[in-house]
1. Report, by residue number, each residue of the range 108-136 that is open to solvent by 60 Å² or more (accessible area, probe 1.4 Å), without any contact (Cβ under 8 Å) to a residue 40 or more places away in the chain and either under 21 Å from V50 (Cα atoms) or in a helix (DSSP H, G or I) (or both).
2. Restricting attention to the range 148-178, and to residues there that are assigned to a loop (DSSP other than H, G, I, E, B) and open to solvent by less than 70 Å² (accessible area, probe 1.4 Å), which single residue is nearest to L23 (Cα to Cα)?
3. Filter the range 37-51 down to residues that are in a helix (DSSP H, G or I) and not charged (D, E, K, R), then give me how many there are.
4. Determine whether the range 3-13 contains at least one residue that is open to solvent by less than 40 Å² (accessible area, probe 1.4 Å), closer than 30 Å to L141 by Cβ and of a type in the set (K, R).
5. Under the condition of being farther than 21 Å from Y193 by Cα, out of contact with any helix residue (DSSP H, G or I) (no Cβ under 6 Å at 6 or more places or on another chain) and of a type in the set (A, V, I, L, M), which residue from the range 65-78 is surrounded by the most Cβ atoms within 10 Å (Cβ to Cβ)?
6. Among the numbered conditions (1) more than 18 Å from S162 (Cβ to Cβ); (2) β-branched (V, I, T); (3) out of contact with any Gly (no Cβ under 8 Å at 6 or more places or on another chain), tell me where T73 comes up short.
7. So which of V50, V102 ends up being at pLDDT 95 or above, of a type outside the set (D, E), under 18 Å from V191 (Cα atoms) and open to solvent by 10 Å² or more (accessible area, probe 1.4 Å)?
8. How many residues are under 17 Å from the mean Cα position of the chain (by Cα) and over 18 Å from W184 (Cα atoms) if we restrict to the range 60-75?
Amino acid sequence: MNNAPEIDLYCERMTSAWFDEPLGLISNVAFLIAAFQLARHPGNRRPHWVLIALLICIGVGSGLFHAFATRLTLLLDVIPIQLFILAAIWILLRLHLLRTHVQSGLILIGFMGASVLMPTGALNGSLGYVPAWVMLVILALAHPIGPARQWLVTAVAVFPVSLAFRTADLPVCQVWPYGTHFIWHVLNAYVLYCVIRATQTGVAANDIPLGGSEISAYTSDEEKERTP
């Protein structure tokens with residue numbers, strides 16, 4: 001007989017069995033599919049590979065947590081997500097919006113401060129993602145008009161929908177025992193895909209390490225094709 005799970009956050013979880021959240025576990029394949037598609041982009045540079053690697057870690061970490069709901073696997077689930085958010089904000093600020101190290105650092109500090117102040121348990125934990133959505137809105141509005149901005153706008157539009165399914169997971173438990181958390185996984189994978197695609201619509205002239213002191217000009221894919 002299975003014992004009670006160490007951590008029980010979602011509708012599907014009833015016992016400590018590793019396959020007690022089948023949809024929550026399997027749906028993490030969406031992150032890996034997204035990472036595979038993004039990895040095929042011919043113009044990937046170091047910042048893009050960092051985001052793709054973090055996307056893979058999100059899929060694996062979340063999969064482990066939904067298979068083994070323990071405190072350790074919870075960290076493997078949460079940490080890659082937070083690192084992805086911070087890395088994506090930094091890359092968009094530095095390489096797309098051409099903010100300085102100081103400006104980007106101050107914005108990141110403000111973002112982290114706002115995230116810490118959010119109530120952790122509100123709306124089934126979904127309220128903690130609101131600062132990330134607000135930051136995404138700001139980045140989309142600040143970005144020059146073009147393909148990259150369109151990818152960010154798409155992410156802005158889909159993110160609240162995915163959060164709604166994350167929030168609805170426990171309330172719908174009585175009528176749908178599988179919950180809706182797995183839909184959050186699929187839609188969120190698409191949101192992160194859109195964010196990385198936004199960074200891929202410009203290709204740096206040289207590899208640029210995260211936090212590097214040089215900013216190389218980005219050339220859009222469309223402009224590159226028109227260049228003789």
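1. Once the filter is applied, which keeps residues that are open to solvent by 60 Å² or more (accessible area, probe 1.4 Å), without any contact (Cβ under 8 Å) to a residue 40 or more places away in the chain and either under 21 Å from V50 (Cα atoms) or in a helix (DSSP H, G or I) (or both), the range 108-136 yields I109, M112, V116, L117, W133, V134.
2. If we filter the range 148-178 for residues that are assigned to a loop (DSSP other than H, G, I, E, B), which is where we start, we get 168-178.
Going one step further and asking which of them are open to solvent by less than 70 Å² (accessible area, probe 1.4 Å), we end up with 168-169, 172-173.
Working: A168: 15, D169: 12, V172: 15, C173: 14 Å.
Here the answer is D169.
3. So the first thing to find is which residues in the range 37-51 are in a helix (DSSP H, G or I), and the list is 37-39, 46-51.
Filter once more, so that each one left must be not charged (D, E, K, R): 37-39, 47-51.
So the answer is 8.
4. No.
5. If we filter the range 65-78 for residues that are farther than 21 Å from Y193 by Cα, which is where we start, we get 65-75.
Of the ones still in play, those that are also out of contact with any helix residue (DSSP H, G or I) (no Cβ under 6 Å at 6 or more places or on another chain) are 68-72, 75.
Keeping just the survivors that are of a type in the set (A, V, I, L, M) gives 69, 72, 75.
Working: A69: 24, L72: 11, L75: 12.
Checked the range 65-78; the qualifying residue surrounded by the most Cβ atoms within 10 Å (Cβ to Cβ) is A69.
6. The single condition T73 does not satisfy is (3).
7. Working: V102 fails: under 18 Å from V191 (Cα atoms).
When all the criteria are applied, what remains is V50.
8. Going through the range 60-75 one residue at a time, the tally reaches 1.
The values are calculated or read from the model by the stated rules, or taken from the named source; none is laboratory data. Quick caveat, the model's predicted, so the values are computed rather than measured. Methodologically, a virtual Cβ is constructed for each residue, glycine included, from the backbone with ideal geometry; neighbour enumeration extends over all protein chains shown. The accessibility values were calculated without ligands, DNA or RNA, using every heavy atom of the protein model including side chains. Shrake-Rupley method; radii C 1.70, N 1.55, O 1.52, S 1.80 Å.
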